[in-house]
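Notes follow once the structure below has been shown.
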Amino acid sequence: MYCSNCGKELCDNAVICPGCGAATGKPLGAKQESNVLAIVGFVLAFLMPVAGLVCSILGKNRAAELGGSGKGLATAGIAVSIAYLALAVLFLILFFGIFFAALSAAAYL
Ligand SMILES: [Zn+2]
C-alpha cells in the first residue's frame, strides 16, 4: 500500500501516512484485526486436538467476518486437529486390539 498523497510506502495497518500525515482512506478502527481464534486454534490443534478443532472452526467463521484474516491458519488448524484425532483413534483401536489379543492369549495359557 502506498500513500495516495506523496507515494510513500505504508504499512498495511496505517491509518495516516507517516510521511505527510494524509489519511490513507482506511477508516479508524477498521484496521486489520488479527484472528486470535485462528492462531489459538492452530496451536491447540497440536496440544489438544478437540479444543483445537473447535477453536479453528470458530476461527474460520471469525475469518469470514474479518475479511479473510487467519482463514488459512484456521483451515490448517482444522486439518491438523482432524489428523491428530484420526491418529489418536487409530492408536486406541490398535492398543485395545493388542491388549485384548494378549488378554485372550493369556486366558488360554
Ligand atoms: Zn504521504
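The values are calculated or read from the model by the stated rules, or taken from the named source; none is laboratory data. In this text, all values refer to a predicted model and were calculated from it rather than measured experimentally. With ideal geometry, Cβ positions are generated from the backbone for all residues, glycine too; neighbour counts draw on all protein chains shown. Just the protein is used for accessible areas: all its heavy atoms, side chains included, with ligands, DNA and RNA removed. Shrake-Rupley method; radii C 1.70, N 1.55, O 1.52, S 1.80 Å.
Side notes on the structure shown:
- Springs join every pair of Cα atoms under 10 Å in this Gaussian network model of the chain, and among Phe91, Phe46, Phe99 the largest mean-square fluctuation is at Phe99.
- Cα long-axis angle, helix 36-47 against the chain (0 to 90 degrees, to the nearest 10): 20 degrees
- Any cysteine of the chain lacking a neighbouring Cys Cβ under 4.7 Å - listed by number: Cys11, Cys55
- Within the listed set Ala51, Ala74, Ala22, the residue fluctuating most in the Gaussian network model of the chain (springs between alpha-carbon atoms under 10 angstrom) is Ala22.
- Carbon + sulfur, % of accessible area of the chain - ligands and nucleic acids excluded, 1.4 Å: 72 percent
- Ranked by how many other beta carbons lie within 10 Å on average, peptides 54-62, 13-21 from highest: 54-62, 13-21
- Karplus 3J(HN,Hα) series, Hz, for the stretch 18-23 with 6.51 cos²θ - 1.76 cosθ + 1.60 (x for Gly, Pro): x, x, 10, x, 6, 5
- By the helix-only formula, in which each DSSP H run with n ≥ 4 contributes -39500 (n - 2.57) and the sum is divided by residues, the chain has a 222 nm mean residue ellipticity of -21000 deg cm²/dmol.
- The magnitude of the dipole of the chain, with charges of +1 and -1 set on the Cβ of Lys/Arg and Asp/Glu and taken from the Cα centre, is near 120 debye.
- Accessible surface for the chain, divided over its residues, is 67 Å² per residue with a 1.4 Å probe.
- Max mean-square fluctuation residue, GNM over the chain, Cα-Cα springs under 10 Å, options Ala86, Ala76, Ala38: Ala86
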